[in-house]
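The values are calculated or read from the model by the stated rules, or taken from the named source; none is laboratory data. Fair warning: this is a prediction, and the values are worked out from it, not measured in the lab. Don't worry about glycine lacking a Cβ; one is built from the backbone with ideal geometry, like all the others, and counts go over all protein chains shown. Only protein heavy atoms, including side chains, enter the accessible area calculation; ligands, DNA and RNA are left aside. Shrake-Rupley method; radii C 1.70, N 1.55, O 1.52, S 1.80 Å.
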Amino acid sequence: MLRLGLLLLILPIFVLMGVYFWELNDVRECALIQGGHWDYLAGVCRESPQPFVPWVERHPWLVNGGVLLSLAGVVMCMLGLYVKRR
């Protein structure tokens, strides 16, 4: 149970960071290389300035689901450390 808890604790963090930095790469390419403005809602590069929309508002299920999985991992780790091995 301890190993599964550690996996649930750490894996969602790396998935969230991976998706976030994947999008950040597109945003930086749009701003620095193409000279445009990133449309966060549509996920495309535009010529006119676009409003900033936070990542947690665009992907609430991914963020909240990752936090819940990490919380479940913490609980499983605590139970795995609390219960004696046979």
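Pairing residues of segment 4-25 that are open to solvent by 80 Å² or more (accessible area, probe 1.4 Å) with residues that are not hydrophobic (A, V, I, L, M, F, W, C), at Cβ distances under 6 Å and at least 6 apart in sequence or on separate chains, gives no pairs at all. Under the condition of being open to solvent by 80 Å² or more (accessible area, probe 1.4 Å) and under 18 Å from the mean Cα position of the chain (by Cα), the residues counted in segment 29-42 number 1.
Can you tell me which residue is farthest from LEU16 (Cα to Cα) among those in segment 43-58 that are under 16 Å from the mean Cα position of the chain (by Cα) and surrounded by 13 or more Cβ atoms within 10 Å (Cβ to Cβ)? Here the residue is ARG58. Taking the criterion of being in a helix (DSSP H, G or I), out of contact with any helix residue (DSSP H, G or I) (no Cβ under 9 Å at 6 or more places or on another chain) and of a type in the set (Val, Ile, Thr), no residue of segment 53-79 qualifies.
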